[in-house]
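Derivation of every value follows stated rules applied to the coordinates shown; laboratory data play no part. Only a predicted model underlies this, so the values are computations on that prediction, with no experimental measurement involved. Heads up, the Cβs are rebuilt from the backbone with ideal geometry, glycines too, and the neighbour counts pull from every protein chain shown.
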Amino acid sequence: MTKTELRAYYKHLRTQLPPDKELELNLCLLQQLKSLEWNKVKFCHVFLPILKFHEPNTFLLIDYLKETHPHIQIVISKSDMRSNSMTHYRYNDAVLVPNKWGIPEPVDGVHIDEKNIDLVLVPLLISDQFGHRVGYGKGYYDRFLALCKPDVQKVGLSFFEPIAGIEDVDIHDIPLDICVTPTAVYRY
């Protein structure tokens, strides 16, 4: 299937999740995320969920990291819709306001350069067995990841297991290193 077809299908699947099942999947994702190697991470970029799109609840991970790994600086983004780019801020300093898509974003705060980030949690709808992913199609994360240091860990979160392949992978698509699902951690 193409990205457009996959995007429509998995967006629909996520919206059909009953609240109790979505909560269960989020708690299972958190358990899988806990198994990652967090001791070497100094700066962790976390996407904040678009709740109306039933994205994985990353606030659970933020709470976990703050409690168990206080050395990690949590980084969040603010989107510039004119340039389709993002700037990044330390989470603890940020006042959050939803943007036009419903994504909580920092109004201001301490700026963090992309080159400082060790691990990026990447939003997605579905990924394949090669680490390619389908997002919302604007390319924000591909542009952001291209600016990060070469060894940044790219970790996708999905309620669904990876599929065999995505038909229309583009040369500019940056694959994941890891995809975390409620049942497993896939490494590429």
(message) Students often check this: by mean Cβ neighbours within 10 Å, which of 54-65, 77-88 ranks highest, and how do the rest follow?
(response) 54-65, 77-88
(request) Could you name the lysines whose alpha carbon sits less than 28 Å from that of residue 11, not counting residues in the same chain fewer than 8 places away? (result) 3, 21, 34, 52, 78, 100, 138, 154
(request) Would you mind checking which residues have amide H under 5 Å from residue 153's amide H? H placed 1.01 Å from N; only 5 or more apart, or other chain. (result) 119, 120
(message) Residue by residue through the stretch 156-170, what is 3J(HN,Hα) from phi via Karplus (6.51 cos²θ - 1.76 cosθ + 1.60, θ = phi - 60°)? Round to whole Hz and write x for glycine and proline.
(response) x, 10, 9, 6, 10, 5, x, 9, 5, x, 10, 5, 10, 5, 9
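From Cα pairs below 8 angstrom and at least 6 apart in sequence, can you work out the relative contact order of the stretch 3-187, rounded to a whole percent?
On the way: 342 pairs, mean separation 42.7, N = 185.
In percent, rounded to a whole number, it is 23.
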(request) For the stretch 94-169 and the stretch 1-77, write down the distance between their C-alpha centroids in whole Å. (result) 11 Å
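Count charges around residue 50 for me, please; just the other residues with Cβ under 12 Å from its Cβ, Lys/Arg as +1, Asp/Glu as -1.
Details: positive: 11, 14, 52, 100; negative: 55, 105.
Overall, the nearby charge balance is +2.
Quick check: convex hull over the Cα atoms of the chain, volume per residue in Å³, rounded to an integer? Show your work: numbers first, answer last.
Working: hull volume 22.0 nm³, N = 188.
In the chain, the Cα hull volume divided by residue count equals 117 Å³.
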(message) List the residues, sorted by chain then number, that are 5 or more residues from residue 126 or on another chain and whose placed amide H is less than 5 Å from its amide H.
(response) 134
(message) From the phi angles alone, apply the Karplus equation (6.51, -1.76, 1.60; θ = phi - 60°) to the stretch 24-41 and give each ³J(HN,Hα) in whole Hz, x where the residue is Gly or Pro.
(response) 4, 5, 5, 5, 5, 4, 4, 4, 5, 4, 4, 7, 6, 7, 8, 5, 8, 8
(request) Let me have the 222 nm mean residue ellipticity of the chain computed from DSSP H runs of 4+ only, each contributing -39500 (n - 2.57), with the sum over all residues rounded to the nearest 500. (result) -7500 deg cm²/dmol
(request) Could you list the GluC sites (Glu not before Pro) in the stretch 1-64 that lie in coil according to DSSP, counting only those with at most 16 other Cβ atoms within 10 Å of their Cβ? (result) 37
(request) Could you run the Debye sum over the Cα atoms of the stretch 106-188, one equal point scatterer each and no solvent, and tell me log10 of I(q)/I(0) at q = 0.17, 0.20, 0.27 Å⁻¹, two decimals? (result) -0.68, -0.90, -1.40
(request) Find the Cα radius of gyration of the stretch 1-78, compare it with 2.2 N^0.38 Å by division, and give the number to two decimals. (result) 1.27
(message) Cβ neighbours within 10 Å, averaged per peptide: list 172-184, 121-133 in order, most packed at the top.
(response) 121-133, 172-184
